[in-house]
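Just below is one structure, and these are the notes that go with it.
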Amino acid sequence: MKYGVGIDISKGKSTIVILSVEGEIIEKPFEINHNIEGLNLLEEKMRKIPKEDIKIVMEATGTYHLSVLGYLLDKNYFALAENALKIKKYLDRGLRKAKTDKKDAYKLAEYACDNWFKLNNIRENDETYNELKFLSRQYLSTISIQVKQKINFSNLCDLLFPGYYQLLDENTFVLGLKIFKKYFHPEIVQKKTKQQFVIEIDKIAKKLGHKGAGITLANKIYTLAQTIIPSRPNNQYSQLSAISCVDALIITIKTSNTIITEMDKLARELPEYDVISEISGCGKKLTARIIAEIGDVRRFKNAGSIIAYAGLDAPPYQSGQFEATNRHISKRGNKYLRKTGYEVMKSIKSSCKEDCELKTYIIKKENEGKLKKVAKIAGLNKFLRMYYGIVKKKYRELNIW
């Protein structure tokens, strides 16, 4: 006899039902908390059933299901966190719409029974992939905060020191923050002679590892300070705003750099690191992030699967005599992979040489009349197919496919 277990995950607790494939209720709906006591109770309820005769299905709920899923996998149960949209469509198949945790758990158990012979235990990523994915999410969260802080800093510059933000580039941005923290208003700069100001800024620059950039930037700032009229006065409130904004922005920059450094160290342990790092335009940031979002390619049965996972597939639509030819990508996949992949395409388009295959392909699509964004998405599709094929070959050479 085969059995299905449905687990309706909530924050901190779950509702569970156990059914046989013949529809017999083995365990009526019961609740457990996501702690040792609750998970031990779940295992006790399933103990009388052989592990090979039971399949456990839950809905992927972001983070809430991870503790339960991890516990069951450690106990060598067949446990699967199914796609949320797939589960929703299954739960909504009835005529009456009723939603309770008990009903959802029962329907998840039915799903496990109805699809008992179709469910596949997906290869679980090893620790390296899991840690990479975790760090990737933290990196994106930090970058989101950093972008807001940069906008705030830009607005603050317009009020206190108009034109200051435009003097900074990627290489001198942190140096510019340090200078702004002390010289946030042109009146402060004007109190110094040009020589005094340049010498002081050069000292700050050298501490940060800049050699000639400090002098160049100091001259630009001093010249700008003589010509502008700020919107706000030089007072304690302006100073407080400048210091708090700069400190917050520096923290997010340091945090994101630390995270990406650790991601790079982890990614270097994987065979596919060399594959993607050889592509022009992919620095260590993008290399580590794209590996983190793709994960272990061995869990994809073909290149088409990885395209669908990214949400770049355009499913066919045909009915009777009608067959759609102009289809959009589904976007039903990993949005973080699409976002990171798009950044990779932008980097390849802007920094690669003309003989780069992917850059040539993107330009070709643009010349065909495609929008630039559409051309880059087409390039990402090609990139993922290439990535799958090359990494698969690499793994087979190492006899680990």
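Remarks
- The chain: antiparallel DSSP beta bridges as a percent of all, rounded to 5: 60 percent
- Rounded if a/c under 1.5, otherwise prolate or oblate - the chain, Cα gyration tensor axes: prolate
- Global form of region 37-144, assessed from the alpha-carbon gyration tensor, a/c cut-off 1.5: oblate
- Extension gain from Gln196 to Ile151, taking 0.36 nm per residue of separation minus the Cα-Cα distance: 13.1 nm
- Paired Rg and Dmax values of region 75-114, which use every Cα atom, in angstrom: 11.2, 38
- Under a 5 Å amide H cut-off, with hydrogens placed 1.01 Å from N, Ile26 pairs with Ile18, Leu19, Ser20 among residues at least 5 apart or on other chains.
- In order through region 4-12: 3J(HN,Hα) via Karplus (6.51 cos²θ - 1.76 cosθ + 1.60), integer Hz, x for Gly, Pro: x, 10, x, 10, 8, 7, 10, 6, x
- Calculated on the alpha-carbon coordinates, the convex hull of region 98-148 measures out at 151 cubic angstrom per residue.
- Per residue, the accessible area of the chain comes to 56 Å² when a 1.4 Å probe rolls over the protein heavy atoms.
- Volume in Å³ per residue [convex hull over Cα atoms, computed for region 1-100]: 104 Å³
- Solvent accessible area, Å² - Val147, 1.4 Å probe, full protein context: 80 Å²
- Under 5 Å, built H, 5+ apart or other chain: amide partners of Lys13: His34
- On Cα atoms only, tilt of 335-351 relative to the major axis of the chain in degrees: 40 degrees
- Built amide H within the under 5 Å cut-off of Gly281, gap 5+: none
- For the listed peptides 332-345, 76-89, 289-302, a ranking on the average number of other beta carbons within 10 Å per residue, highest first, reads 289-302, 332-345, 76-89.
- Look at the alpha carbon pairs under 8 Å that are at least 6 residues apart: their mean separation over the length of the chain gives a relative contact order of 12 percent.
- Gain in span if fully extended, Lys86 to Arg327, counting 0.36 nm per residue against the direct Cα distance: 84.6 nm
- Think of it this way: in the chain, Cys113, Cys157, Cys245, Cys282 stand alone, with no other Cys Cβ under 4.7 Å.
- Cβ charges +1 (Lys, Arg) and -1 (Asp, Glu), total dipole of region 12-159, debye: 640 debye
- For region 286-296, 3J(HN,Hα) computed residue by residue from phi via the Karplus equation (6.51, -1.76, 1.60; θ = phi - 60°) reads 6, 4, 5, 5, 5, 5, 4, 7, 6, x, 6 Hz, glycine and proline entered as x.
- Simple label model, 7 Å out from Cα along Cβ direction - Tyr342 to Ile25, nm: 4.8 nm
- Theoretical FRET efficiency, 1/(1+(r/R0)^6), r = Cβ-Cβ of Lys51 and Tyr395, R0 22 Å, to 0.05: 0.15
- Ranked by the mean number of other Cβ atoms within 10 Å of their residues, highest first, the peptides 371-382, 162-173, 127-138 fall in the order 371-382, 127-138, 162-173.
- In this simple spin-label approximation, Ala248 and Ile363 carry label points 7 Å from Cα along the Cα→Cβ vector, and these lie 4.3 nm apart.
- Segment Asp158..Lys211, full-extension length gain: 16.3 nm, with 0.36 nm per residue of separation and the alpha-carbon distance subtracted.
- Accessible area of the chain belonging to carbon and sulfur atoms, whole % at 1.4 Å probe: 51 percent
- Per-residue ³J(HN,Hα) for region 154-159, Karplus 6.51 cos²θ - 1.76 cosθ + 1.60, θ = phi - 60°, Hz, x for Gly and Pro: 4, 5, 5, 4, 4, 7
- Under 12 Å from the Asp355 label point (7 Å along Cα→beta-carbon), backbone N, region 278-295: none
- Values of log10 I(q)/I(0) for region 219-357 across q = 0.22 Å⁻¹ run -1.36, by the Debye formula with one identical scatterer at each alpha carbon and no solvent.
- Cα shape, region 319-401, gyration tensor, a/c 1.5 rule: oblate
- Pairs from the list Lys301/Lys373; Lys148/Lys284; Lys86/Lys118 with a Cα-Cα gap above 19 Å: Lys301/Lys373; Lys148/Lys284.
- By the rule of a C-alpha distance below 20 Å, with chain neighbours fewer than 8 residues away ignored, the aspartates and glutamates paired with Lys220 are Asp158, Asp169, Glu170, Glu187, Glu200, Asp202.
The values are calculated or read from the model by the stated rules, or taken from the named source; none is laboratory data. Owing to the predicted nature of the structure, the values given are computational and were not obtained by experimental measurement. Here Cβ is always computed from backbone atoms with ideal geometry, including for glycine, and neighbour counts include all displayed protein chains. Each accessible area value is taken on the protein alone, full model and side chains, heavy atoms only, with ligands, DNA and RNA left out. Shrake-Rupley method; radii C 1.70, N 1.55, O 1.52, S 1.80 Å.
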